[in-house]
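The values are calculated or read from the model by the stated rules, or taken from the named source; none is laboratory data. Source: prediction; values computed, not measured. When we count neighbours, we look across all protein chains shown, and the Cβ atoms used for this are built from the backbone with ideal geometry, even at glycine. Surface accessibility is based on the protein's heavy atoms, side chains included, excluding ligands, DNA and RNA. Shrake-Rupley method; radii C 1.70, N 1.55, O 1.52, S 1.80 Å.
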Amino acid sequence: MIEFPAEPYRIKSIERIRQIPRSERERLIREAKFNIFKIRAEDIYLDFLTDSGTSAMSDNQWAGLLTGDESYAGCRNYYRFEETIRSITGFKHIIPAHQGRAAEHLMFSTLIKPGDKIPSNSHFDTTRANIEYAGAEAVDLVIEEGKDPSASHPFKGNIDTDRLEDFIKKNGPGQIPFGMLTITNNSGGGQPVSLENIKKTSEILHSHRIPLILDACRYAENCYFIKQREKGQSDRSVRDIAGVVFSYADGCTMSAKKDGLANIGGFIGTNDDNLHEKLTNAMILVEGFRTYGGLAGRDLEAVARGLEEALDEAYLSHRINQVKSFGELLLEAGIPIVVPTGGHAVFVDAASLLPDFRREHYPGWALSVALYREGGIRACEIGGIVFGKKGEDGREVFPPLELVRLAIPRRVYTESHFRYAASIFKRITENKSMVRGLKITYEPEYLRHFTVEFKEL
Ligand code: F0G
């Protein structure tokens, strides 16, 4: 019997969810042209689409909303927000943004020139899209183990530092305005990056005068893994580890919709005065004045309080172990997953689950359609649709991994929800003909997964 950790909180307020009949789900998925982003959330029973913006806020955060100061400039919640983030990250300048990709867009459109190349362990899709939109190339240099779902390594999110050095030598630092690390590495299975790897990356980049920018959405979960898994770190608090992690970087972009435990929000941190000035001027055009950055005062307060709560180690231990136990349930049901489980999600290895399925028929996406049809569950493919691209000859170039991500909203679901989800997976593995191939009938130019349409083969 797989044990789930007990919650370090109790439920004060609930939100009703309902399971609609299978025939209704069948009709809705067809109407949505097999794109699960187009299904209404009300028609979903368990929503594992994302851990972003889906956290349950605490009573403390809800209470904070009432203290929102909605003055246009200099609201008190901004100063609280700034102080909290500065105390965690140590960055000199803190710039609010309404979410992660707004921070990325601002930062990248200011720092990147066409033809540049930006190395990272793995770029997330919005990061990649914003880099490409600025005319640069987003380059992934994750270690080999990070590309193998079954390889065991405590820090599968690490960047390959030898390849990073070669990459800088080959391209020259003039073409590399900054390097990045995504902590944890979402696209590679929510895998953490070690403190040692962050330090080494920082040293390599800095020896060429290239700044290091962290994509810090899930930094608290990453720091918890460092405490658990890295030699010499177990006696430090997660907060102290976070301080060291950020000290190796020159700046960060952050979506507070993850480890900010908020439903909206984000920020940029930087030590660079010149960059700070450019960013705060640029943001007036799109996000607003520098003390609110597209957020209401109350949202700034919810983020400030959420960031503190996300560093609570009782919370982090429950969070990481809940994800781990769900992974064990799926393994027990015979589902291949990326091991060890990462911070925010369980990633099912759709390629191994469906070995006879052709990549051109999008096995990961097809599995997510089957999960909705059979169980009212929403999950997100991280494979051929999200990362696939048309090559120069017009044929699709597929990414190495074909995964389906079950992202776990923070503080939302309980053990019985996870047991239900595992039972649906078991039903699908026992009858794999439930998973049917797909053919694209429409796709847009960027971030195609949000609006792509299919017909079933
Ligand atoms: N970076 C990473 C690593 C992310 O996972 C995300 C969002 C972003 C940047 C962008 O932040 O959504 O606030 O604009 N990830 C969500 C997800 C969407 O489902 O993984 P955002």
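Where the second residue is open to solvent by 60 Å² or more (accessible area, probe 1.4 Å) and β-branched (Val, Ile, Thr) and the first is closer than 15 Å to residue 445 by Cα and lies in region 387-415, which pairs have Cβ atoms under 7 Å and are six or more apart or on separate chains?
Sorted first by the residue in region 387-415, then by its partner, the pairs are 388/397; 389/397; 391/397.
Restrict the check to region 109-116 and report whether at least one residue is more than 10 Å from the ligand (Cβ to nearest atom), acidic (Asp, Glu), touching a helix residue (DSSP H, G or I) at 6+ places or on another chain (Cβ under 9 Å) and modelled with pLDDT of 95 or more. If you could, list the steps in order and put the result at the bottom.
Filtering region 109-116 down to residues more than 10 Å from the ligand (Cβ to nearest atom) leaves 109-116.
From what's left, acidic (Asp, Glu): 116.
Then keep just the ones that are touching a helix residue (DSSP H, G or I) at 6+ places or on another chain (Cβ under 9 Å); that gives 116.
Pick out the ones that are also modelled with pLDDT of 95 or more and you get 116.
Looking for residues that are more than 10 Å from the ligand (Cβ to nearest atom), acidic (Asp, Glu), touching a helix residue (DSSP H, G or I) at 6+ places or on another chain (Cβ under 9 Å) and modelled with pLDDT of 95 or more, one finds at least one in region 109-116, hence yes.
For region 368-381, what are the residues that are closer than 20 Å to residue 413 by Cβ and either among the aliphatic types (A, V, I, L, M) or not assigned by TED's automatic domain parsing to the domain that holds residue 419 (or both)?
371, 377, 379
Has region 158-175 got any residue that is closer than 26 Å to residue 264 by Cβ and touching a strand residue (DSSP E or B) at 6+ places or on another chain (Cβ under 8 Å)? Give the derivation first.
Filtering region 158-175 for residues closer than 26 Å to residue 264 by Cβ gives none.
So far as region 158-175 goes, no, none of its residues is closer than 26 Å to residue 264 by Cβ and touching a strand residue (DSSP E or B) at 6+ places or on another chain (Cβ under 8 Å).
In region 159-169, is there at least one residue being over 22 Å from the mean Cα position of the chain (by Cα) and within 16 Å of residue 131 (Cβ to Cβ)?
Yes, region 159-169 has at least one match.
Could you list all residues from region 24-65 that are part of a loop (DSSP other than H, G, I, E, B) and farther than 30 Å from residue 304 by Cα?
Hits for region 24-65 are 32, 33, 34, 35, 39, 40, 44, 45.
Quick check on region 346-360. Is at least one of its residues farther than 30 Å from residue 62 by Cα, within 16 Å of the ligand (Cβ to nearest atom) and not in a loop (DSSP other than H, G, I, E, B)?
Yes, some residue in region 346-360 is farther than 30 Å from residue 62 by Cα, within 16 Å of the ligand (Cβ to nearest atom) and not in a loop (DSSP other than H, G, I, E, B).
Give just the number: which of (1) within 14 Å of the ligand (Cβ to nearest atom); (2) in a loop (DSSP other than H, G, I, E, B) does residue 233 not satisfy?
For residue 233, the failing item is (1).
For region 446-453, state whether one or more residues are out of contact with any helix residue (DSSP H, G or I) (no Cβ under 8 Å at 6 or more places or on another chain) and open to solvent by 80 Å² or more (accessible area, probe 1.4 Å).
no
Looking only at residues that are open to solvent by less than 10 Å² (accessible area, probe 1.4 Å) and within 8 Å of the ligand (Cβ to nearest atom) in region 244-264, which one is nearest to the chain's Cα centre (by Cα)?
Taking region 244-264 and keeping what is open to solvent by less than 10 Å² (accessible area, probe 1.4 Å), we get 245-246, 249, 251-256, 259-262.
The next check asks that each one be within 8 Å of the ligand (Cβ to nearest atom); those that pass are 253, 255-256.
Numbers: 253: 12, 255: 9, 256: 11 Å.
Among them, the one singled out is 255.
Given 284, 264, which one is of a type in the set (Val, Ile, Thr) and at pLDDT below 95?
Checking each option against the conditions leaves just 284.
Consider only pairs whose beta carbons are under 7 Å apart and that are at least six residues apart or on different chains; among these, list those whose first residue lies in region 284-303 and is closer than 14 Å to residue 60 by Cα and whose second residue is open to solvent by 60 Å² or more (accessible area, probe 1.4 Å).
The qualifying pairs are 301/80.
Could you identify the single residue in 291, 280, 270 that is in contact with a strand residue (DSSP E or B) (Cβ under 9 Å, 6 or more places away or on another chain), open to solvent by less than 10 Å² (accessible area, probe 1.4 Å), closer than 30 Å to residue 208 by Cβ and more than 16 Å from the ligand (Cβ to nearest atom)?
270
So which residues in region 66-110 are over 16 Å from residue 299 (Cα atoms), open to solvent by 60 Å² or more (accessible area, probe 1.4 Å) and part of a helix (DSSP H, G or I)?
Scanning region 66-110 gives 86, 87, 101, 105, 109.
Any residue in region 112-129 that's more than 16 Å from residue 201 (Cβ to Cβ) and without any contact (Cβ under 8 Å) to a residue 12 or more places away in the chain: show its pairings with residues that are open to solvent by 20 Å² or more (accessible area, probe 1.4 Å) and more than 9 Å from the ligand (Cβ to nearest atom) at Cβ separation under 7 Å, as long as the two are six or more apart or on different chains.
Nothing qualifies.
If the requirement is being farther than 30 Å from residue 75 by Cα and outside any helix (DSSP H, G or I), which of these qualifies: 323, 339?
Exactly one residue qualifies, and that residue is 339.
Hey, could you check region 178-212 for residues that are in a loop (DSSP other than H, G, I, E, B) and within 16 Å of the ligand (Cβ to nearest atom) and say which is farthest from residue 341 (Cα to Cα)?
Among those that are in a loop (DSSP other than H, G, I, E, B) and within 16 Å of the ligand (Cβ to nearest atom), it is 178.
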